[in-house]
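Following: one structure in structure tokens, then a few remarks.
The values are calculated or read from the model by the stated rules, or taken from the named source; none is laboratory data. Since the model is a prediction, treat every value here as computed from it, not as a measurement. Neighbour counts are summed over all protein chains in view; Cβ atoms, including those assigned to glycine, are modelled from backbone coordinates with ideal geometry.
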Amino acid sequence: MEFNTKVIHGGQQHDPSTGAVMPPIYQTSTYAQSSPGVHKGYEYSRTGNPTRTALENALASIENGNFGLAFGSGLAAIDAVIKLLNPGDEVISTNDLYGGTYRLFTSIYENYGIKFHFIGMDNADNIEKFIHKNTKLIWVETPTNPMLNIIDIKAVGKISSKYNLKLVVDNTFATPYLQQPLNLGADIVMHSATKYLGGHSDVVMGALVVKDKTLADRLYFIQNASGAICGPMDSFLVLRGIKTLHLRMQRHCENGKAVACFLKDHPKVENVYWPGFKNHPNHEIAKAQMNDFGGMLSFTIKGNEYNKAIKILENLKVFTLAESLGGVESLSGHPASMTHASIPKEEREKTGVVDSLIRLSVGVESDKDLIADLENALKLI
Ligand code: P1T
């Protein structure tokens with residue numbers, strides 16, 4: 001099945017009891033048993049719920065995996081992955097990544113004896129020197145949040161399989177419309193489904209997809225034992241969101257390109273970080289592993305003045321200043337004080353998260369209105 005068909009039909013069946021085309025929102029916590037342990041496949045909604053199952057099957061299908069798992073947030077999904085590890089284990093992670101992921105790793109899991117190495121992975125060869133006997137997992141975010149660095153998943157996958165490590169790819173920015181990490185050597189794909197998969201800024205949710213049954217069983221065990229599941233209403237909303245993922249992503253990519261090109265030529269803009277530019281350091285890898293370049297980009301202001309960045313953000317009218325990304329509406333953000341504030345200043349500045357950096361999640365509105373909005377705000381500085 002082609003991707004554009006999978007988003008609508010992948011892993012789906014009409015409701016067996018009524019023929020309903022969309023799965024009902026099974027708003028129930030528990031299920032009748034005719035005798036202890038004798039039931040119709042569902043016992044308790046932490047363990048499983050038919051609306052969540054429909055979504056989990058769709059997730060597995062669009063990521064070209066065999067098993068999908070949905071969680072109460074992206075961070076809950078990441079938390080479940082790190083629970084595969086034991087004290088003393090080591091993780092090698094991209095150094096440019098969502099601030100909340102960094103905070104979970106350093107402020108929670110380092111206290112439980114797990115060691116994290118945050119490194120640049122632009123060159124995959126850099127990874128091998130951080131592999132020790134207790135290294136278990138490589139954590140990759142690509143494109144990275146917020147610098148839009150691109151990491152070569154296939155190259156990292158070769159290293160992870162050589163050393164028998166698990167490779168996890170946070171596919172939130174790209175979505176399976178643009179790249180499918182399980183096809184490139186990843187063991188686990190992770191999503192903040194809050195973003196493009198949901199697509200309408202009305203749900204917080206996380207997801208994992210894997211191919212391997214043993215790994216899936218362990219993650220299902222963690223999902224049930226730790227309990228960070230999502231509810232049936234949210235499962236329904238994300239399932240509905242996925243059905244238009246291909247249409248939305250196409251427009252996100254077109255508008256992302258239009259906005260990136262406008263900013264690149266603007267005299268008050270210093271750098272534009274968008275993987276579609278030929279001079280992006282990893283443009284060739286992006287071209288090879290992605291179908292297009294997405295709707296996320298970041299830029300800095302000439303002179304790197306904090307106050308100028310804030311003035312722009314306060315004066316954008318079509319772009320809403322808000323945390324999050326990936327919805328139909330365009331959002332703007334200031335990573336240094338918002339999404340990445342939990343990363344110490346010296347650390348974040350090393351990766352380029354400077355005071356004038358503005359991140360844009362380019363929505364699916366008219367590109368003319370988006371560009372006019374930026375033009376007006378840039379006139380004020
Ligand atoms: O917010 P939550 O659903 O828990 O997902 C966390 C997360 C994980 N990975 C990436 C790449 C993310 O961007 C996020 C959440 N990011 C934002 C809220 C943001 O504005 O960047």
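Please go through (1) in contact with a helix residue (DSSP H, G or I) (Cβ under 9 Å, 6 or more places away or on another chain); (2) without any contact (Cβ under 8 Å) to a residue 60 or more places away in the chain; (3) surrounded by 14 or more Cβ atoms within 10 Å (Cβ to Cβ) for ASN57 and return the number of the only condition it doesn't satisfy.
(1)
Scan (1) of a type outside the set (A, V, I, L, M); (2) assigned by TED's automatic domain parsing to the domain that holds ASN49; (3) within 16 Å of the ligand (Cβ to nearest atom); (4) in a helix (DSSP H, G or I) for the single condition HIS252 breaks and write down its number.
(2)
Looking at ALA260, is it over 22 Å from the mean Cα position of the chain (by Cα), part of a helix (DSSP H, G or I) and among the small types (Gly, Ala, Ser)?
no
Failed condition for ALA225, given (1) of a type in the set (A, V, I, L, M); (2) closer than 18 Å to LEU75 by Cβ; (3) in contact (Cβ under 8 Å) with a residue 40 or more places away in the chain, with all others met?
Of (1) of a type in the set (A, V, I, L, M); (2) closer than 18 Å to LEU75 by Cβ; (3) in contact (Cβ under 8 Å) with a residue 40 or more places away in the chain, only one is false for ALA225: (3).
Report, ordered by the first and then the second residue, all pairs with beta carbons closer than 7 Å, sequence separation of six or more or different chains, a first member in the range 119-137 that is under 23 Å from LEU215 (Cβ atoms), and a second member that is in a helix (DSSP H, G or I).
MET121/VAL156; ALA124/ALA155; ALA124/VAL156; ALA124/ILE159; ILE127/VAL156; ILE127/ILE159
With the requirement that a residue be within 11 Å of the ligand (Cβ to nearest atom), buried (at least 21 other Cβ atoms within 10 Å of the Cβ) and farther than 13 Å from PHE116 by Cβ, what does the range 77-92 give you?
ALA77
Can we say LYS268 is surrounded by fewer than 16 Cβ atoms within 10 Å (Cβ to Cβ) and in contact with a helix residue (DSSP H, G or I) (Cβ under 7 Å, 6 or more places away or on another chain)?
yes
Give me the pairs, please: first residue somewhere in the range 25-43 and within 28 Å of ARG240 (Cβ to Cβ) and modelled with pLDDT of 95 or more, second residue anywhere and surrounded by 10 or more Cβ atoms within 10 Å (Cβ to Cβ) and of a type in the set (Lys, Arg), beta-carbon distance under 7 Å, and either six or more positions apart or on two chains.
TYR31/LYS40
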